[in-house]
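The next block holds one structure in the form of C-alpha cells; read it before the comments.
The values are calculated or read from the model by the stated rules, or taken from the named source; none is laboratory data. If you're wondering where the values come from, they're calculated on a predicted model, not measured in any experiment. Note that we place each Cβ from the backbone using ideal geometry, even for glycine, and neighbour counts take in every protein chain shown. Heavy atoms of the whole protein, side chains included, go into the accessibility calculation; ligands, DNA and RNA do not. Shrake-Rupley method; radii C 1.70, N 1.55, O 1.52, S 1.80 Å.
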Amino acid sequence: MSEQVVLERNDLNGLFTVLQGQGYTVIGPTLQDGAIVYDELTSDKDLPEGWTDEQDGGIYRLKKRSDKALFGYVVGPYTWKRFLDPPEKRLWQAKREGNDFRIIPENEPPPKYAFLGVRSCEIHALAIQDRVFLEGDYRNTSYEKRREAALIIGVQCVQAGGTCFCVSVNTGPRAESGFDLALTEILEEDRHYFVVETGTDQGAKIIDGLKVQPAKETEVAEADNRISHAAKNMGRKLNTEGVRDLLVQNHDHARWDEVANRCLSCANCTMVCPTCFCSTVEDVTDITGEHAERWQKQDSCFTMDFSYLHGGSVRASTRSQYRQWLTHKLATWIDQFDESGCTGCGRCITWCPVAIDLTEEVEAIRKSSSLESVVQSDKER
Amino acid sequence: MTKIDKPKLAVWKFASCDGCQLSLLDCEDELLSVAEEIEIAHFPEATRQVLKGPYDLSLVEGSITTPQDAKRIQEVRRVSKTLITIGACATAGGIQALRNFQDVKEFVSIVYANPAYIDTLNQSTPIAEHVAVDFELRGCPINKTQLLEVISAFLAKRKPNTPAHSTCIECKRRGTVCVMVAGGTPCLGPITHAGCGAICPSYQRGCYGCFGPMENPNTSSMSEGWKKSGASDDEIKRVFRTFNAWADSFREESEKHDK
C-alpha cells in the first residue's frame, strides 16, 4: 500500500468530479424514507451530512448529529448486492418461431459503478459473494461483469452501531484490503478532513486527480485511534468458538422451538443480509404465448417454495426454516465455502420486525449445551 | 389456434363490490390481446351478449351470503372446466364476513324497514367452502398484472407465478425502507400474502393485509409485538378483522383478542 494522503472536506467533491469524469456512476449513502440507503449520488451534497443512526433489535432511527460528519453512521437496510446482483433481473427472452423458439439473450453492457462508503464488513461480504458467484463450475456472469467494473471506495468505521459485531467475526472495523481507496473521516473542532489509503493502481489514479497532501504521522495516528474506538464499542458480540459443531450438533435443541414462536418467517433477515445469495427463477409467458421471459428474483430460505420438492416443502415449519438459515450462515457455510457466512454487520438483528438476535440465539444454545464437547470435537476435526 | 378453438371465459359475480372483475376491464392495453386469445362468453359487466356454457375458464368474484347463491355456485361449478376465484370475497368471505362474528338477524331487524323481505345466510363464506376451486387469486382488490398472469398461465397450461410468501419480500426487492423498523409504524406485511407489490409501505404506510394471510403466518408473534408497544386487544382485533377477517389464521388471531 502506498503512502497515505489527506483530503480536506471542502475538496471531497473533487472525488465525484474525477469519478464522473471516468464514467462512473457513484453509488453511496443517502437519506431516503427515514433511513440511510445506498443510491446514486451526484455530488457530496447527496451524502447524509450531520445524520447518524441508532440501531437495536428491530429498531432503526435516524438522529441529528451535533457535527457535520458525512459518514457518521453505520450500515442501513440495503447492501451493495442490490447493485451487483439485482433483486429482479431478466435472464433471457424467447420468441416463438413456428414450432420452434429463438432465445434472445440479455446483452446490456454492465453498469460502471463506483461504490462510495463501503464498510469493512461489507468488503468482506463482497469477498464472500465473489466466492459464491465466481468460483466453481457455474459462474454468475452478470455479477462477474458488474463486479469487475466496480470501484470500491471504503470508509473506515470510527463508530460502531448498536447491532454491530464485526470484531467478533474478524471482519472489521478496519478494512485492510479489498478496496481501491479507503477514507477515514476526521472531524476536529476547526477542521474536517479524510485520511485516504490507496489499495490499488486504479485507486492511485483517482488520487492523482484530487487535491491532496501527504498525510502527517499525527493524522494517520488520529485515524487509527478513531478506528480503535469503534472496535471497542461494538453493540453486540458473538462467541464463534466451536460454533460450527455447536449448531450442527444441536439440531434438536429446544431453543429452535422457542425462536420459532417469535420468528415471522417474513424473510427480512435474509433480504438484508449482505451475503445471502439465494434466488429463484420465474418463467413467464405473455397472453399470446408467443413471447416468454425468464426472470431471476431474490429469494429466501424462509419461503415454502424454496424447499419445495415433489409432494411438498422439505422445510415447512418456521422452526426448520430458521434453523436452516442460522446453521447455514454460521456453520455449514464453513463446510461449503471454507469460511463463515456472517460478517457481523448486524442487519439481520436490526431489520427483524420482532428483534430476533442471532448472537442471542447462539448464546442460548451454547449455554445449555456442553461447551467442552463442542470445543473438543472442533479440535478433532 | 383457430377461432373455433378459443377457450370460453365466464365471469361470475357473487356478494362483492365488482372491483375485482373490473380489474379485467382495467387491463386496457392487454384487454384486446385477452379478447383475441379467449372468447368472452359470459361477462355481464362487459357485454350483454351471453354464450351458452360449458365454459373453459370461470372467474368467480364474491362470497356466498344467500341461499340462492349457495345453489347458484353449484351450477357455476357444473358448467366450468376450470374455476378460479378472484379477490378477498371469493377466497376469504370478504369484508362482509364481519357478519360472521355477529348475529345477522339483529342487523336485519335494525337496518331494514321490512326484515321479512331479507333472505340471507348467517355467514359470508368463501367459494371454496361450497365447491372445488382450481386456483385462488388473492387481493382486495386483485392485482391486474397477477390476473393477466393467471390467465396467461391458464392458456399455457402452466402454474401461475403468484408467490404465497410475505409482503416483506416484495418490499425489500423494490427497495422500500421498512416502515415498522425505521418508523415504528404497525404493519401487517410480515404475515400478509404477497401480490400487491407492497404498495402501502412504499407510501410510508403500514400494510393493511388486503391479500390475506401468507403461507405460514405467525399472527401471535405479531400481536405480541404490538401489545408490547401499547396496542389494546380491541385494536389488535380490528387489525385482523378487515377484508380477510374470515381467513382461518386472521380469524383465529382476532378471536384471541375478542374479550
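Scan B:CYS178, B:CYS140 and give me the residue that is more than 26 Å from B:GLU28 (Cα to Cα) and of a type outside the set (S, T, N, Q).
B:CYS178
Please state which one of B:ALA128, B:ALA153, B:ALA113, B:ALA132 is open to solvent by 50 Å² or more (accessible area, probe 1.4 Å) and assigned to a helix (DSSP H, G or I).
Result of the check over B:ALA128, B:ALA153, B:ALA113, B:ALA132: B:ALA128.
Please go through segment B:135-148 and pick out each residue that is open to solvent by 20 Å² or more (accessible area, probe 1.4 Å) and more than 7 Å from chain A (Cβ to nearest Cβ).
Hits for segment B:135-148 are B:PHE135, B:GLU136, B:ARG138, B:CYS140, B:PRO141, B:ASN143, B:LYS144, B:THR145, B:GLN146.
To keep it simple, each residue is scored yes or no on (1) outside the structural domain of A:GLU122 (by TED's automatic domain parsing); (2) under 24 Å from A:ARG82 (Cα atoms); (3) outside any strand (DSSP E or B).
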site	(1), (2), (3)
A:THR288	yes, no, yes
A:TRP295	yes, yes, no
A:GLN321	yes, yes, yes
A:LEU326	yes, yes, yes
A:LEU330	yes, yes, yes
A:GLY341	yes, yes, yes
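Kindly provide the set of residues from segment A:135-164 that are among the β-branched types (Val, Ile, Thr) and closer than 22 Å to A:THR25 by Cα, ordered by number.
A:THR141, A:ILE152, A:ILE153, A:VAL155
Taking helices (runs of 4 or more DSSP H) that fall entirely within segment B:170-259, which contain at least 2 residues that are among the hydrophobic types (A, V, I, L, M, F, W, C) and within 12 Å of chain A (Cβ to nearest Cβ)?
B:179-183, B:219-228
So B:GLY139 ticks every box in (1) of a type outside the set (A, V, I, L, M); (2) closer than 21 Å to B:ALA153 by Cβ; (3) not in a loop (DSSP other than H, G, I, E, B) but one. Which box is left unticked?
Here B:GLY139 meets the rest and fails (3).
Kindly check whether there is at least one residue in segment A:340-347 that is at pLDDT 95 or above and within 14 Å of chain B (Cβ to nearest Cβ).
For segment A:340-347, residues at pLDDT 95 or above and within 14 Å of chain B (Cβ to nearest Cβ): present.
Among the residues of segment A:262-270, is there at least one that is open to solvent by 50 Å² or more (accessible area, probe 1.4 Å), among the basic types (Lys, Arg) and modelled with pLDDT of 95 or more?
Yes.
Do you know which residues across segment B:5-37 are touching a Lys or Arg at 6+ places or on another chain (Cβ under 6 Å) and in a loop (DSSP other than H, G, I, E, B)?
Those that are touching a Lys or Arg at 6+ places or on another chain (Cβ under 6 Å) and in a loop (DSSP other than H, G, I, E, B): B:ASP26, B:CYS27.
Yes/no matrix, rows are residues, columns are (1) surrounded by fewer than 21 Cβ atoms within 10 Å (Cβ to Cβ); (2) more than 24 Å from A:MET271 (Cα to Cα); (3) touching a helix residue (DSSP H, G or I) at 6+ places or on another chain (Cβ under 8 Å); (4) not assigned by TED's automatic domain parsing to the domain that holds A:CYS276:
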residue: A:LEU31; (1), (2), (3), (4): yes, no, no, yes
residue: A:THR42; (1), (2), (3), (4): yes, yes, yes, yes
residue: A:SER66; (1), (2), (3), (4): yes, yes, no, yes
residue: A:PRO77; (1), (2), (3), (4): no, no, yes, yes
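How many of the residues making up segment B:164-176 are open to solvent by 10 Å² or more (accessible area, probe 1.4 Å) and in contact with a Gly (Cβ under 8 Å, 6 or more places away or on another chain)?
The qualifying residues number 4.
Please enumerate the residues belonging to segment A:47-64 that are away from every other protein chain (no Cβ under 14 Å) and either of a type in the set (A, V, I, L, M, F, W, C) or crowded, with 22+ Cβ neighbours inside 10 Å (or both).
Answer for segment A:47-64, where residues must be away from every other protein chain (no Cβ under 14 Å) and either of a type in the set (A, V, I, L, M, F, W, C) or crowded, with 22+ Cβ neighbours inside 10 Å (or both): just A:LEU47.
Restricting to segment A:299-321, what's the tally of residues that are within 25 Å of A:THR171 (Cα to Cα) and surrounded by fewer than 24 Cβ atoms within 10 Å (Cβ to Cβ)?
Qualifying residue count for the region: 1.
Return the pairs, sorted by first residue and then second, in which the second residue is at pLDDT 90 or above, the first residue lies in segment B:15-31 and is open to solvent by 70 Å² or more (accessible area, probe 1.4 Å), the beta carbons are less than 8 Å apart, and the residues are 6+ apart or on different chains.
Every condition considered, the pairs that remain are B:CYS17/B:CYS89; B:LEU22/B:GLU45; B:LEU22/B:PRO141; B:ASP26/B:LYS144; B:GLU30/A:ILE287; B:GLU30/B:LEU148.
Return the pairs, sorted by first residue and then second, in which the second residue is polar (S, T, N, Q) and open to solvent by less than 90 Å² (accessible area, probe 1.4 Å), the first residue lies in segment B:99-119 and is over 22 Å from B:ARG241 (Cα atoms), the beta carbons are less than 8 Å apart, and the residues are 6+ apart or on different chains.
Partner pairs satisfying both residue conditions: B:PRO115/B:SER109; B:ASP119/B:THR66.
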